[in-house]
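Student: The structure is given below, and queries will be raised subsequently.
What follows is calculated from the coordinates using simple rules that are stated; it is not laboratory data. This one's a predicted model, so the numbers in the text were calculated from it and none came from an experiment. We place every Cβ from the backbone using ideal geometry, glycine too, and count neighbours over all the protein chains shown.
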């Protein structure tokens with residue numbers, strides 16, 4: 001399988017160096033298209049050779065701050081110093097000397113024989129996702145070639161193609177992070193230290209570098225070798241444990257290394273252990289990891305405490321991005337709350353008007369059920385009030401118009417009833433019968449006041465409100481008492497039929513006292529509720545709710561609290577931004593709801609993207625997501641609903657006229673992944689997380705024994721009956737390591753062969 005890489009490629013080619021407006025056009029096209037190209041190295045070189053500009057940094061916006069990841073790096077050799085011209089062959093030699101694999105190179109548009117200008121292309125073995133690491137890579141490469149353009153280090157840098165030669169030098173050239181670090185090492189001792197980054201087993205040990213780098217070598221030498229004096233070159237100790245002579249042992253603070261001037265021995269702490277204790281490399285590493293670097297124990301993190309991702313705000317349309325951030329800053333609340341409220345507002349505005357077609361036989365409506373999990377004092381009411389304000393304004397404006405219409409209809413009905421009375425008194429039964437029919441028809445068709453939002457309602461009231469509002473309603477509440485009502489706390493009867501049917505648009509029959517029964521076709525309901533953890537726990541542990549699928553229909557959000565970090569006053573909301581947001585909601589609410597629901601379709605690229613995500617997620621339902629497969633079964637449908645909402649917000653004038661794009665699907669997937677992680681937390685309240693349950697079982701057994709160091713087999717034996725085999729303990733033990741209950745240590749074989757296996761130190765601060 002040919003490995004592919006991601007870069008942004010300008011679709012337009014140039015036969016000469018772009019200038020002026022052409023450069024602006026390239027930048028605009030690359031920045032607006034946030035979906036990178038996925039190509040082989042050969043395809044990338046071909047694009048460059050045919051004059052296509054590229055942006056190696058994968059961006060999710062318009063500027064350098066929107067950088068996400070990068071695997072391809074380019075060095076621009078300008079050769080501005082005419083006295084020290086660097087040729088391509090010289091650059092190759094530098095790469096070979098530093099064991100730096102060169103992937104490709106090409107001559108720029110400006111290249112001449114007298115003044116060579118070219119670019120070197122390098123490919124990392126895996127994408128860099130950390131901004132500091134990205135800077136380290138490009139700065140290291142630029143420093144290696146003094147003739148390079150030092151300004152070409154920005155994350156959003158664009159490199160033009162060429163009309164000259166482009167060469168694929170090595171299609172398999174990949175650079176590891178360890179190689180980048182090695183290139184920057186200038187002293188012999190640092191190079192020696194680099195050799196230890198590979199564990200004897202042949203596997204890279206990324207932690208070892210940090211251990212060596214941060215180890216207090218000076219303190220260790222001081223303890224072993226007595227007094228010292230400072231010199232211009234470093235610290236010289238009076239004694240030397242290596243050679244036994246005075247004033248021969250030197251410590252260099254800059255590199256955190258030592259040197260015995262008599263025996264010409266030096267290096268890191270690992271070298272010191274090898275020379276003073278006769279240890280092999282593997283044994284020295286083991287001693288460093290397991291004896292000298294025993295962790296400074298801290299209180300373990302409770303297992304129910306998890307770090308959840310923040311809402312991917314950049315997945316929203318630009319206007320909503322700006323508004324959500326502004327509201328969050330102004331109220332000093334987690335951005336998640338404003339963001340999920342924005343989705344609920346879109347759902348309220350668009351439900352019942354459109355459906356997203358997955359295929360010919362299935363489509364999804366645009367209504368969502370959302371639950372925000374937040375404790376008291378998180379300013380939920382303020383957020384909801386600011387986000388829903390334009391809905392109430394629209395409702396008031398529309399009802400003002402309807403009240404005039406209702407008054408007119410009332411006047412007409414009064415007149416008809418008077419006529420009916422006259423005809424009946426006159427015995428004109430035929431005329432009276434006609435008037436009676438007109439009265440019934442007007443009564444049936446009479447205008448009702450618009451009701452878009454409701455707070456906590458009873459199931460009976462909910463059904464009535466749906467019927468009175470053409471099958472459309474939204475419940476937005478900051479109290480979460482609806483679950484108490486649905487659970488039968490007040491009526492002693494659980495009633496969630498309407499909630500379940502309104503999620504999918506199933507027909508609802510309404511029986512009214514004194515009136516004929518009424519059928520609601522295609523009912524749609526949006527819910528935005530907020531509750532504390534205890535309400536969530538009650539929802540999850542209600543067997544009727546769980547068995548009938550209510551928790552599976554809900555999108556969960558548990559924002560990270562900002563309580564304790566808030567300031568007296570946040571910034572004011574930008575008035576122009578507020579007006580734009582209100583106008584957007586007004587426009588979406590104004591879209592007509594016809595007798596036939598509008599259909600939104602996916603274009604070919606979007607469909608392939610959606611299918612790929614479906615296939616990926618479906619496998620997980622019998623794997624790591626098996627414990628929440630009921631929720632997971634509706635996850636893809638919710639993704640399509642979110643995609644439909646985002647699409648309508650971007651094409652508000654006529655959403656059906658434009659198919660849903662791949663970019664919109666990718667944005668919806670990012671939001672869906674957010675809800676997935678938060679759903680896993682919500683289901684944790686039910687004990688659905690198998691790994692969590694197993695980790696708690698291990699902790700219970702550990703608290704009952706006195707061992708301070710255990711192997712994986714020791715833990716398996718201790719928890720006999722909980723696990724079928726030793727290997728089954730891996731994930732639960734890993735969770736305990738992450739939360740600080742256990743500290744993992746690894747011992748290698750004395751000969752440097754296979755590791756003897758992992759052992760675990762029990763945190764002495766842990767108590768049952």
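Student: Please work out the FRET efficiency for the pair residue 109 and residue 66, using the Cβ-Cβ distance as r and a Förster radius of 35 Å; give the result to the nearest 0.05.
Tutor: Calculated transfer efficiency: 0.80.
Student: Follow-up. Which of 14, 106 comes first, and how do the rest follow, when ranked by fewest Cβ neighbours within 10 Å?
Tutor: The fewest-first ordering by Cβ neighbours comes to 14, 106.
Student: If we restrict to alpha carbons, what Rg and Dmax does region 283-342 come to, in Å?
Tutor: In Å, with Rg to one decimal and Dmax whole: 21.0, 59.
Student: Here's another thing I want to ask about it. Using just the helices of the chain, give the 222 nm mean residue ellipticity in deg cm²/dmol: DSSP H runs with n ≥ 4 each add -39,500 (n - 2.57), and the total is spread over all residues, rounded to 500.
Tutor: About -13500 deg cm²/dmol.
Student: Moving on to the next point. What is the extension gain from residue 230 to residue 608, computed as 0.36 nm multiplied by their sequence separation minus the C-alpha to C-alpha distance, in nm to one decimal?
Tutor: That pair, residue 230 and residue 608, stretches by 129.4 nm at full extension.
Student: Follow-up. Quick check on the exposure proxy: order 257, 504, 231 from fewest to most C-beta atoms within 10 angstrom.
Tutor: Fewest to most other Cβ atoms nearby, the residues stand as 231, 504, 257.
Student: Once both axes come from the Cα atoms, what is the angle between helix 604-620 and the longest principal axis of the chain, in degrees from 0 to 90, rounded to 10?
Tutor: Once rounded, the angle reads 70 degrees.
Student: With 10 angstrom as the radius, rank 160, 165 by how many other C-beta atoms surround their C-beta, starting from the fewest.
Tutor: 165, 160
Student: Given a Förster radius of 22 Å and the C-beta distance between residue 533 and residue 455 as r, what FRET efficiency does 1/(1 + (r/R0)^6) yield to the nearest 0.05?
Tutor: With a Förster radius of 22 Å, E is 0.50.
Student: While we're on this one: Compute the angle between helix 690-702 and the longest alpha-carbon principal axis of the chain, please, reported from 0 to 90 degrees and rounded to the nearest 10.
Tutor: Taking Cα atoms only, the helix is inclined about 60 degrees.
Student: Quick one: which of 580-591, 368-379, 46-57 comes out on top by average Cβ neighbours within 10 Å, and what's the full order, highest first? Walk me through the numbers before you get to the answer.
Tutor: Details: 580-591: 17.8, 368-379: 19.7, 46-57: 21.5.
Highest mean packing first, the order is 46-57, 368-379, 580-591.
Student: Working out 0.36 nm times the residue gap between residue 434 and residue 398, then minus their Cα-Cα distance, what length gain in nm do you get to one decimal?
Tutor: 9.7 nm
Student: Over all distinct Cα pairs, what is the inverse of the mean 1/r for region 329-431, reported as the Kirkwood hydrodynamic radius in Å?
Tutor: Working: mean 1/r = 0.0540 Å⁻¹.
After inverting the pairwise mean of 1/r, the radius is 18.5 Å.
Student: Could you list, bin by bin from short to long, the percent of Cα-Cα pairs of the chain in 20 Å steps?
Tutor: The percentages, shortest bin first, are 13, 34, 34, 14, 4, 1, 0.
Student: Pop a pseudo-label 7 angstrom from the Cα along the beta-carbon direction at both residue 595 and residue 560 and give the gap in nm to one decimal.
Tutor: So the two model labels end up 5.3 nm from each other.
Student: Rounded to the nearest 10 degrees, what's the angle between the helix 131-144 long axis and the longest principal axis of the chain, both from Cα atoms, 0 to 90?
Tutor: For helix 131-144, the angle is close to 40 degrees.
Student: Contour minus end-to-end for residue 658 and residue 519, with contour as 0.36 nm per residue of separation and end-to-end as the Cα-Cα distance?
Tutor: Gain in length upon complete extension: 46.7 nm.
Student: Could the peptides 63-75, 208-220 be put in order, highest first, of the mean number of other beta-carbon atoms found within 10 Å of their residues?
Tutor: Descending mean neighbour count gives 63-75, 208-220.
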